[in-house]
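Note sheet for the following structure.
Nothing in this text is a laboratory measurement; each read-out follows from the coordinates by a stated rule. As the structure is a prediction and not an experimental result, all values here were calculated from the model. No Cβ is skipped: glycine too gets one built from the backbone with ideal geometry, and neighbour counts run over all protein chains shown.
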């Protein structure tokens, strides 16, 4: 069984050391959850604000958009496309990614669409976290999976599989009521109520990743994009927490998809995995991914994986397992029903 202390290599560590500008402001313990695209600051008037005015924030926003452009279009043979249809290639690039880190105005519009006005508000310096209790005492889902790394009883004793179940039902409710979020990694879920070993009142972190209005993206595609992010990050975190137990990884992904329950969306997630989303170097070794042989895209897969290396994992063996297990779980659920 593959055991490791930290699956993240030097590339990811360097990216995160710069772009991970801050930590989530929990006052009960030191959170593992990074803050990207800005810093959490307490203003003179006491307001807690995600401040996205800095240079690093601007670079992060620009770089994030570039790295997502290929990842979320998935052209099977980019070299052939450039050679045979150069105009089509520029049409592919020009509108930008399907989603990106928005301006404070775009983020606030996303906040309003998601019905989070009581939790967040627009601020002259960025986005205010109005729900102070969520900001200062809520438990991010990532911290539950990394409780062994946190020296505090405040985050120990929670059942991470129960957290997956609660979060997945919450995501289904959000999708049913208002549609796709924009990005839904494990660290986008924060539990406000976390007493007596029980988790309740899940909420979303600042929804700073927004869908591109210039792209024709169906609602089912938006939801499937959220769910693919969610199960992939769950799988990566469970791999670490379980010390490489692949059956435990499968259990975690299955709990997520079963409790989410929308099999049309799960079927699209299955299709995404087969086509190579999310883009990872381990795709070359995965039986789940249908990559064409000996193409520019396949040979230079590593050029297009940096975005997901930074936010999920950068270990080829783990990436392969995540794709294979993700497809297996999707197929079991869609076949069963």
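Mean sequence separation of contacting Cα pairs (under 8 Å, at least six apart), scaled by the length of the range 160-203, corresponds to a relative contact order of 34 percent.
On the basis of the beta-carbon distance and an R0 of 51 Å, residue 27 and residue 271 show a calculated FRET efficiency of 0.75. With Cα atoms defining each centre, the range 233-273 and the range 118-137 are spaced 31 Å apart in the structure.
Would you list 269, 49, 249, 155 from fewest to most Cβ contacts within 10 Å? Kindly include the intermediate steps, with their values, before the conclusion.
Working: 269 30, 49 20, 249 26, 155 23.
Least crowded to most crowded, the residues run 49, 155, 249, 269.
Among 120, 100, 24, a tally of other beta-carbon atoms within 10 Å of each Cβ gives an order, fewest to most, of 24, 100, 120.
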